[in-house]
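Comments concern the structure below.
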Amino acid sequence: MKITFKTGGIISDLLPADAEDEQAVIDMSDDATIPDVMAYFDLPLDDFYLVILNDTVVPKAARSETVLREGDELGIFPPIKGG
């Protein structure tokens, strides 16, 4: 299945070279979950990413049980740091 993966900051460096606007369409298995996409991009599961699925924030506790579907838009954004 194909989903649109959106990101920003340092994670955008992991996108394919032909990605535009910090997003890319990726192929995942039909039963893929959010941690599967994170593993696809070698993102640690225990970090504090903001995860948004189809304009809805997904809390960390629900990510492993959230099954993605064809055409979903998944955004994973790094934590904002600063002072």
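The values are calculated or read from the model by the stated rules, or taken from the named source; none is laboratory data. For clarity, every value in this text was computed on a predicted model and none was experimentally measured. Note that each Cβ is placed from the backbone with ideal geometry, even for glycine, and that neighbours are counted across all protein chains shown.
Residues in region 38-54 that are farther than 13 Å from residue 77 by Cα and touching a residue at least 12 places away in the same chain (Cβ under 8 Å): 40, 42, 54. Restricting region 60-83 to residues that are modelled with pLDDT of 95 or more and in a loop (DSSP other than H, G, I, E, B), which is farthest from residue 21 (Cα to Cα)? For region 60-83, the residue satisfying everything is 66.
Could you list all residues from region 36-53 that are among the aliphatic types (A, V, I, L, M) and assigned to a loop (DSSP other than H, G, I, E, B)?
Across region 36-53, the qualifying residues are 43, 45.
Checking each residue in region 54-83 for being more than 13 Å from residue 33 (Cβ to Cβ), touching a strand residue (DSSP E or B) at 6+ places or on another chain (Cβ under 6 Å) and of a type outside the set (D, E, K, R) picks out 54, 75, 77.
Limited to region 1-35, what total is found for residues that are hydrophobic (A, V, I, L, M, F, W, C), loosely packed, with under 14 Cβ neighbours inside 10 Å and in a helix (DSSP H, G or I)?
Of the residues in that region, 1 qualify.
Just to be sure, is residue 17 hydrophobic (A, V, I, L, M, F, W, C), without any contact (Cβ under 8 Å) to a residue 24 or more places away in the chain and in contact with a helix residue (DSSP H, G or I) (Cβ under 9 Å, 6 or more places away or on another chain)? No: the conditions fail for residue 17.
Regarding residue 65, is this residue charged (D, E, K, R) and more than 11 Å from the chain's Cα centre (by Cα)?
Numbers: charged (D, E, K, R): yes; more than 11 Å from the chain's Cα centre (by Cα): yes.
So residue 65 fits the description; yes.
Restricting attention to region 53-83, the residues that are of a type outside the set (Gly, Ala, Ser), surrounded by fewer than 13 Cβ atoms within 10 Å (Cβ to Cβ) and within 18 Å of residue 29 (Cα to Cα) total 4.
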